[in-house]
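Student: Structure incoming, see below.
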Amino acid sequence: MSATSATSEKIPVRVYGGPTTLIEYGGLRFVTDPTFDPPGEYPMPLPGDHKLVKTDPSPVTAADLGGVDAILLSHDTHDDNLDHAGRAFLSEVPVVFTTESGAGRLGGNAHGLAFWETAELWRPDGGTVTVTGVPARHGPVGCEPVTGDVVGFVLTSDDLPPVYVSGDNAALEHVKEIAGRFAAVDTAVLFLGGARMDFAFDNALLTLDSAQGAEAAQILGARRVVPAHFDSWAHFKEGRSDIEAAFTEAGLTDRLDFAR
């Protein structure tokens, strides 16, 4: 059995379109950036008539997921990471880990994590899972006043390999910082898609593109890469075929797991 398949058996991951994934880790069930709305348009709080456009329906509803122990929410300010149905779902889950500013806006069960801050959850078997907030940046240097704060996550436990969830991160320098503390990461859920908007930051990347995703996999020493957030929205410039081509070019095809 390959190392990748062995890890996959220990840590099931399923991608449900856009940024929404279900990760089973240490007997706990984590959902990333919940989005369940049908296709539609979402006005953006920026000068001009700018909109986020969802192009594909979500394959599941929140109810279809069953019991969930925690949500890993990279940020609460963009509808492609937290739509109307996803926002309604937050109150049904014991805890929502997100940015510190997001926790202030959401209130209730939201728990903000600064970069490198940790929180622990009890496993059903009596052990614990540690959730660490890790650095992320949703665009080029200095983008935060426009794109807002974002956070990534690493899950660790004594008897399981680390899982990294990038969130909407465009900064490979942050990936290097994370690798310095947690590599090798056996499972990396990377938000890819090469998101760009021609009116923002001179069309700079807002998330990693496919080639950067392959580079991130090498930096992290990841045995398995689960691509997410590269489809279902109009602002993504690269899809599955681009990801496959980039990982093939880098000699990393055997690490890819689209987890559909």
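Student: Kindly indicate which of R240, R223 is modelled with pLDDT of 90 or more and touching a Ser or Thr at 6+ places or on another chain (Cβ under 6 Å). So that I can check it myself, show each step before the final result.
Tutor: Numbers: R240 fails: touching a Ser or Thr at 6+ places or on another chain (Cβ under 6 Å).
Unique residue meeting the criteria: R223.
Student: Go through region 202-228 and give me each residue that's in a helix (DSSP H, G or I) and either under 20 Å from G18 (Cα atoms) or within 15 Å of the chain's Cα centre (by Cα) (or both). Walk me through it before giving the result.
Tutor: Narrowing region 202-228 to residues in a helix (DSSP H, G or I): 202-203, 210-220.
Listed by number, the residues that qualify are S210, A211, Q212, G213, A214, A216, A217.
Student: Shifting gears a bit: If you go through region 234-260, how many residues are under 17 Å from the mean Cα position of the chain (by Cα), more than 29 Å from L160 (Cβ to Cβ) and surrounded by fewer than 22 Cβ atoms within 10 Å (Cβ to Cβ)? First the steps, then the outcome.
Tutor: Taking region 234-260 as the starting set, the residues that turn out to be under 17 Å from the mean Cα position of the chain (by Cα) are 235-236, 238-240, 243, 256-260.
Next, only the ones that are more than 29 Å from L160 (Cβ to Cβ) stay: 235-236, 238-239.
Then keep just the ones that are surrounded by fewer than 22 Cβ atoms within 10 Å (Cβ to Cβ); that gives 235, 239.
Counting residues in region 234-260 that are under 17 Å from the mean Cα position of the chain (by Cα), more than 29 Å from L160 (Cβ to Cβ) and surrounded by fewer than 22 Cβ atoms within 10 Å (Cβ to Cβ) gives 2.
Student: Using the structure shown, decide if D231 is within 19 Å of P19 (Cα to Cα), surrounded by fewer than 21 Cβ atoms within 10 Å (Cβ to Cβ), modelled with pLDDT of 90 or more and touching a strand residue (DSSP E or B) at 6+ places or on another chain (Cβ under 6 Å).
Tutor: Values: within 19 Å of P19 (Cα to Cα): yes; surrounded by fewer than 21 Cβ atoms within 10 Å (Cβ to Cβ): yes; modelled with pLDDT of 90 or more: yes; touching a strand residue (DSSP E or B) at 6+ places or on another chain (Cβ under 6 Å): no.
The answer is no for D231.
Student: Only one residue in G67, G107, G86 is within 18 Å of the chain's Cα centre (by Cα), farther than 24 Å from R224 by Cα and at pLDDT 95 or above, so which one is that? Working first, answer last.
Tutor: Details: G67 fails: within 18 Å of the chain's Cα centre (by Cα); G107 fails: within 18 Å of the chain's Cα centre (by Cα).
Sole residue among the options that is within 18 Å of the chain's Cα centre (by Cα), farther than 24 Å from R224 by Cα and at pLDDT 95 or above: G86.
Student: Test E41 against the criterion of being assigned to a strand (DSSP E or B), modelled with pLDDT under 95, acidic (D, E) and out of contact with any Cys (no Cβ under 6 Å at 6 or more places or on another chain), and give yes or no.
Tutor: The answer is yes for E41.
Student: Taking the condition of being touching a helix residue (DSSP H, G or I) at 6+ places or on another chain (Cβ under 8 Å) and either polar (S, T, N, Q) or farther than 28 Å from D80 by Cβ (or both), how many residues in region 147-166 meet it?
Tutor: 4
The values are calculated or read from the model by the stated rules, or taken from the named source; none is laboratory data. None of these values were measured; they are calculated from a predicted model. Here Cβ is always computed from backbone atoms with ideal geometry, including for glycine, and neighbour counts include all displayed protein chains.
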